[in-house]
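**Student:** Input: one structure, supplied below.
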Amino acid sequence: MKNIAAYTILLFLTANTNVFSQKTINKDNYTSLIQKEEGDLNYDKKNDRIMVEMDIKDETRPLRLQIFLSQPDKKLQLVVSSTKIIESQYPVNKKGEHNDNVIPDFFIEEGKLKMLTDIKDRKSSYEFRLKQNNFELIKISRVIWDGKDTTFETEIDLIAKTKIEYEQVTGSDKLLNKKKKMIKVNALPKIQDLSFYDLEQY
């Protein structure tokens, strides 16, 4: 009888430990809303949603991007969740220092998802298209200003597999030192597979 009682107590403690572990694992610490954007991404004339949230309990302050698409029953379904595409505010490699970058801005324009970044005075725009519930990177535009009157610009088209670089003087429509080259693209990168560091390589 004592053995049965001891076994029952042990089983109860183990069950409680498992429940506690599951709660800990499933706990969502991304509680600080940074941005919420709505618009039509899947051309069904219903609002889809983009959310950027921060985990304020983690000392590195990681950020999470989530994309929800509208469904026929008018509910929103989560199709993308990424904690890689936005750099943490206090990256591990910076050893407690802030990354000195602005948190990227996301918006919806003509059915496309766009991500804007400003890193070390280089402004970049990344354009994604929705295809079979995946957001594929299709275009990248970059601008660097020399602090005077010239901008250095780059346009990458991953579908056409082209990269164009040129300079432009403020107030002029003329493109200077224009260079165009073909680039190798095996497959269009998906937003959930891309990290902040991947985007910086283009």
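**Student:** Mind checking which of Thr151, Phe135, Val169 is farthest towards the positive end of the range 121-188's charge dipole, using Cβ charges of +1 (Lys, Arg) and -1 (Asp, Glu) about the Cα centre?
**Tutor:** About the Cα centre, the residue reaching furthest to the positive side is Phe135.
**Student:** Placing unit charges on C-beta atoms (Lys and Arg positive, Asp and Glu negative, everything else neutral), compute the dipole magnitude of the range 58-202 about its Cα centre in debye, rounded to 20.
**Tutor:** 520 debye
**Student:** Determine the relative contact order of the range 36-119: mean sequence separation of Cα pairs under 8 Å and six or more apart, normalised by residue count, in whole percent.
**Tutor:** Relative contact order of the range 36-119: 25 percent.
**Student:** Among Val80, Val169, Val52, which one moves the most in a GNM of the chain with springs linking Cα atoms closer than 10 Å?
**Tutor:** Highest fluctuation among the options: Val169.
**Student:** Okay, moving on. Charges on Cβ only, +1 for Lys and Arg, -1 for Asp and Glu, centred on the Cα centroid of the chain; of Ile108, Pro189, Ser124, which one is farthest towards the dipole's positive end?
**Tutor:** Farthest towards the positive pole: Pro189.
**Student:** When the accessible area of the chain is computed with all protein chains present and a 1.4 Å probe, what percentage of it is carbon and sulfur?
**Tutor:** 52 percent
**Student:** Could you tell me the relative contact order of the range 163-202? Use alpha-carbon pairs under 8 Å, at least six residues apart, and round to a whole percent.
**Tutor:** RCO, the range 163-202: 32 percent.
**Student:** Work out which GluC sites (Glu not before Pro) in the chain are exposed loop sites (DSSP not H, G, I, E or B, at most 11 other Cβ within 10 Å) and give the longest gap free of them.
**Tutor:** For GluC sites (Glu not before Pro) (loop position, at most 11 other Cβ atoms within 10 Å), the longest site-free span of the chain is 1-96.
**Student:** Kindly write out, for the range 97-109 in residue order, the coupling ³J(HN,Hα) from the Karplus curve 6.51 cos²θ - 1.76 cosθ + 1.60 (θ = phi - 60°), rounded to whole Hz, with x marking Gly and Pro.
**Tutor:** Result, ordered by residue: 8, 5, 6, 6, 10, 6, 4, x, 10, 10, 8, 10, 9 Hz.
**Student:** What distance in nm separates the simple spin-label points at Gln77 and Asn186, each placed 7 Å from Cα in the Cβ direction?
**Tutor:** A separation of 3.0 nm, rounded to one decimal place.
**Student:** List every residue whose amide H lies under 5 Å from the amide H of Lys139, counting only residues 5 or more places away in sequence or on a different chain, with H placed 1.01 Å from N in the peptide plane.
**Tutor:** Glu127, Leu158
The values are calculated or read from the model by the stated rules, or taken from the named source; none is laboratory data. Since this is a predicted model, take the numbers as computed values, not measurements. In this analysis, Cβ positions are derived from the backbone assuming ideal geometry, glycine residues included, and neighbour counts consider all displayed protein chains. For the accessible areas, the whole protein counts, side chains as well, though only heavy atoms, and no ligand, DNA or RNA atoms are used. Shrake-Rupley method; radii C 1.70, N 1.55, O 1.52, S 1.80 Å.
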